[in-house]
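Asks: To start, I am sharing the structure in question, which I have written as structure tokens.
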Amino acid sequence: MPGRPLSRRTAVGSALAAPLVLAACDIDPPARDDASPASPPPPEDAELVTSVVVELVRAEGVLAAAAATELTARLAPLAAAHAAHRELLVGAVADTELPDASPVRVPDAPDRALAAVRRSEQRLLRQLREACVGAASGDLARVLASAAASTAQHSAALPATVLGTGTTP
């Protein structure tokens, strides 16, 4: 809901919770027994991972198209996070044919391009949440939950408008 100011209580609560959220990103996964070999993901997870990778590729296409506007610096951290998540997930289904990004058009106006990025990120976030719940593997569910948290945090950090244009998305 653009234009709705945050209450002081919400702002303070968010400021106090932010270090906890950021600290959670550094928690190492449980140690594995070296004697147990890594097992490939179950077939239903392979299909799930493929669908998430397809959505990540689409979101990266939107970011690349929007970066052609004056948003390049603001979108770089988000693009880097998506690339890292995609590389990690592609490693889980290495033998699967994955699509390349199809060309995406976003509006030339920076504020409208930013709105297109926001819509794309919300779509990706929905896909990640659904995949997280549907994953048969606990390790995959954790990876997808981490990717969803990253997407949500980066989306929240996107500005409401592009400074200097005076318009809102």
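Where a number appears in this text, it was derived from the coordinates with a stated rule and is not lab data. These numbers come from a predicted model, not from an experiment. Please note: Cβ atoms are built from the backbone with ideal geometry, for glycine as well, and neighbour counts cover all protein chains shown.
Asks: Å³ per residue of the Cα convex hull, for the stretch 42-157?
Replies: Per residue, the Cα convex hull of the stretch 42-157 comes to 83 Å³.
Asks: Per residue of the stretch 54-69, in order, report the coupling 6.51 cos²θ - 1.76 cosθ + 1.60 (Karplus, θ = phi - 60°) as ³J(HN,Hα) in whole Hz, putting x for Gly and Pro.
Replies: So the Karplus estimates, Gly and Pro as x, are 4, 5, 4, 4, 5, 5, 5, x, 5, 5, 5, 5, 6, 5, 5, 8 Hz.
Asks: If R0 is 22 Å, what FRET efficiency do you get for Ala136 and Glu97 from their C-beta distance, rounded to 0.05?
Replies: 0.50
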